[in-house]
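The values are calculated or read from the model by the stated rules, or taken from the named source; none is laboratory data. This one's a predicted model, so the numbers in the text were calculated from it and none came from an experiment. Ideal geometry is used to build each Cβ from the backbone, glycine not excepted, and the neighbour counts take in all protein chains shown. What goes into the accessible areas is simple: the full protein's heavy atoms, side chains included, and nothing from ligands, DNA or RNA. Shrake-Rupley method; radii C 1.70, N 1.55, O 1.52, S 1.80 Å.
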Amino acid sequence: MTLIETPVALVWHRRDLRVSDHPALTAAIDWANQHHGSVVGVFIFDVGILESGQTGGAQVTFMLGCLAQLQQSYRELGSELYFLRGEPISCLTQFSAKINVKAVFWGEDIEPMALERDCCAKQSLADLGIAAFSYLDIDLVAPDQIWTKTEEPYRVYTPFWRNWSQQPKSLPYPKPDRLPLAETSLSEKIAHSDAEVMQLPNLTEVQNNWGFVWEYDLPESGETAGLALLNEFCDQAVYQKLFRYGTERDFPAISGTAQLSPHLRFGTVGIRQVWAATVMAEAQVRSDEELKSLTTWRQELAWREFYHHVLYHFPQLADGPYRPQMAGFPWENDPDKFAAWTAGQTGFPIVDAAMRQLNQTGWMHNRCRMIVASFLTKDLLINWQWGEQYFMEHLIDGELAANNGGWQWSASSGMDSKPLRIFNPSFQAKKYDPEATYIRQWLPELRGLTTAELLSGDIPPHQCQRCQYPLPIVDHYEQQQKFKTLYRQAV
C-alpha cells in the first residue's frame with residue numbers, strides 16, 4: 001500500500017545534474033501538470049559503479065558538489081531531490097512503489113552497461129504499471145540517427161563530422177520556474193515511511209566509509225560553475241577565448257581550452273546550451289581565423305559524439321581493441337615502469353609533468369593526454385588498458401567512450417585511418433611547451449635547469465641526482481623501433 005496518493009513523476013538523474021536545458025525534467029513537468037501530480041528527483045549511488053574501480057576520489061568529490069547544488073535547485077523550485085544507495089533497478093522500483101510514482105523520466109545513456117540497465121529498468125517499472133520515458137540528452141545527434149551512405153555506423157571521424165555538422169541541433173530547454181508539488185509535502189510523508197532515503201554524504205563519510213579519498217583542490221562543481229565557464233569561454237566581448245582556441249588549445253601552459261569536460265561528463269551543462277553558445281558566437285565572427293577557431297571547437301564537440309557513436313554501435317570496444325590484430329599484441333607490462341609512469345617519475349619531463357597534473361588536479365590537458373598515452377604504449381610497451389583504467393580512476397571527466405577512444409587511438413588499436421602514430425616526447429615538448437613553462441610548473445625540483453635540458457630531457461646524471469629526479473627509464477628511439485617491429489609482426 002502506498003503512503004502518497006498524489007501521482008508522482010520521478011526524474012531519475014544520472015549524467016544530467018542540472019535543472020536547465022533538461023528534456024526529461026521538462027517532460028516530467030508536462031506529465032505532472034496533465035495528471036495533477038508532483039515532480040520529484042532521485043539520484044542513486046550505484047554500488048556496482050562505486051565498487052568497480054572505474055571511478056576515484058576526484059570524480060566522486062566533484063560529483064558530490066554537483067549533487068549538493070542540484071538538491072538546492074530542486075528546493076528552490078519547490079520540490080526535493082532524494083538519494084538512494086544500492087543496486088539501481090531495485091532501488092528505483094522499490095522507491096517508486098512506496099511514493100506512488102506513475103511515471104519515471106531520464107536522459108538516455110550510450111554505454112553498454114547503462115543500456116542494459118535502462119532496458120531492465122523499463123521492464124521492471126512496466127511490471128509495476130509504471131510508465132518510463134527516456135530522452136536524448138548527452139548528445140546533439142543520437143548515435144542511432146546518423147549513418148554512412150551504405151547505412152552503416154561510422155568508423156572514421158572525418159566523414160562522421162561532415163554528416164554530423166549538417167544534422168539539425170535542438171534548442172536548449174527552458175529552465176522551469178516551479179515544479180508541481182502536492183499540497184502535503186512528499187518529504188514529510190517519506191520521512192514517516194520505510195523508504196530507504198539517505199542524506200547526501202559529506203566528504204568525511206565518503207572518505208571513511210566509502211574509501212574515496214582526494215587530498216587536493218578541485219575546480220568548482222555544479223550547474224552554476226559550468227554555465228559560468230561556458231559563458232567565459234564564449235563571451236567574445238570580454239574574453240575572446242573561443243576565437244583564440246584554434247591557436248592556443250594545444251599549449252598546456254596556456255588556459256586556452258574551455259575546461260568544460262567535467263561538466264559535460266556530469267551533465268551540469270546541457271549540450272544544447274553549449275551548441276547555442278557557438279551559434280551566438282558565430283554571429284560575432286570577424287575574420288577567417290576566428291571562424292576557424294569556432295569550427296575547431298565544434299569539431300571537438302563532434303569528436304565527443306563520435307566516440308559515443310562508435311561505442312554505442314561497437315560495445316565490444318569497452319573490453320578490448322577495435323583492431324583484432326592487436327588483441328594478442330605482446331605487451332611487456334612491466335609493473336615497475338608502470339608505477340614510474342603513474343607517479344610522474346619516468347625521467348621524461350613533459351610526461352612526468354602531465355602525470356603530476358593529473359594526480360594533483362584530477363584533470364590533464366588533452367595534448368598531454370596524447371603524449372603520456374603514446375609514451376605508455378609505444379615507449380614502455382604497456383597495455384593501453386592499464387592506462388585507460390588509471391585515467392578512469394583519477395580523471396574528473398573520465399567517461400568510458402572518450403577515455404576508451406583516446407587510449408585506443410594512442411595505442412594503434414582503435415579507429416584511426418593512420419594507426420601507427422608514435423609521439424616523440426622531446427619533440428612534443430619543444431613544439432607545445434617551448435619555454436618549458438608547463439614543465440616547470442609541475443616539476444618544481446627542475447626549475448633551476450635550462451629550458452633546453454627540460455625540453456630535450458637530456459639532463460646530466462649529476463643534475464638528476466642533485467634534483468632527486470630519475471634518469472630516463474627507457475631509450476625512446478630504441479623503444480620506438482621495437483614497437484614498430486612488434487606492430488608489423490602483429491598486423
Item to check | For segment 252-299 versus segment 9-67, the gap between their alpha-carbon centres in whole angstrom | outcome: 25 Å
Checklist entry - In whole angstrom, and with the biggest value first, how far do the Cα coordinates of segment 225-324 range along each principal axis? => result 48, 28, 27
Checklist entry - FRET efficiency for GLU300 and ALA97, Cβ-Cβ distance as r, R0 = 41 Å, nearest 0.05? => result 0.40
Checklist outcome for this item: Computed over the chain, protein heavy atoms only, probe 1.4 angstrom, the accessible area per residue in square angstrom equals 44 Å²
Next on the checklist: Relative contact order for the chain: what percent, with Cα pairs under 8 Å and sequence separation of 6 or more?
Outcome noted: 18 percent
Checklist outcome for this item: Taking r as the C-beta separation of SER52 and GLN72 and R0 as 22 Å, the FRET efficiency to the nearest 0.05 is 0.15
Checklist outcome for this item: Expressed as a percent, the accessible surface of segment 225-351 that is carbon or sulfur, using a 1.4 Å probe and the full set of protein chains, is 51 percent
Item to check | Entries of LYS169/LYS430; LYS431/LYS484; LYS241/LYS430; LYS122/LYS169; LYS292/LYS418; LYS122/LYS418 with Cα pairs more than 32 Å apart | outcome: LYS169/LYS430; LYS122/LYS418
Next on the checklist: Under 8 Å for C-alpha pairs, at least 6 residues apart: give me the relative contact order for segment 205-294, rounded to a whole percent.
Outcome noted: 29 percent
Checklist outcome for this item: Given unit charges at Cβ for Lys, Arg (+) and Asp, Glu (-), the dipole magnitude of the chain about its Cα centre in debye, nearest 20, is 1180 debye
Checklist entry - Where both residues lie in the chain, what percent of DSSP beta bridges are antiparallel, nearest 5? => result 5 percent
Checklist entry - Where does each of 89-96, 22-29, 162-169 land if you order them by average Cβ count within 10 Å, highest first? => result 22-29, 89-96, 162-169
Checklist entry - What is the gain in length, in nm to one decimal, between MET198 and SER417 on full extension, counting 0.36 nm per residue of separation less the C-alpha to C-alpha distance? => result 73.9 nm
Next on the checklist: For segment 43-156, I need the span (max minus min coordinate) of the C-alpha atoms along each principal axis, in Å, sorted largest to smallest.
Outcome noted: 48, 39, 31
Checklist outcome for this item: segment 1-66: relative contact order from alpha carbon pairs under 8 Å, six or more residues apart, as a whole percent, is 37 percent
Item to check | Per-residue ³J(HN,Hα) for segment 283-300, Karplus 6.51 cos²θ - 1.76 cosθ + 1.60, θ = phi - 60°, Hz, x for Gly and Pro | outcome: 5, 9, 5, 10, 7, 5, 5, 5, 5, 5, 5, 4, 5, 4, 5, 4, 5, 5
Checklist entry - Calculated from DSSP H runs of 4 or more alone, at -39500 (n - 2.57) each and per residue, what is the 222 nm mean residue ellipticity of the chain, nearest 500? => result -14500 deg cm²/dmol
Next on the checklist: Between 0 and 90 degrees, rounded to the nearest ten: what's the tilt of helix 157-166 against the longest Cα principal axis of the chain?
Outcome noted: 40 degrees
Checklist outcome for this item: Taking 0.36 nm per residue of separation between TYR216 and VAL491 and subtracting their Cα-Cα distance, the length gained on full extension comes to 94.7 nm
Next on the checklist: Starting from the 7 Å offset along Cα-to-Cβ, what nm value, one decimal, do you get for the label separation of ALA327 and SER124?
Outcome noted: 3.2 nm
Checklist outcome for this item: Between the Cα axis of helix 349-361 and the main Cα principal axis of the chain, the angle (0 to 90°, nearest 10) is 20 degrees
Checklist entry - At a probe size of 1.4 Å, how large is the accessible area of ASP336, to the nearest 10 Å²? => result 120 Å²
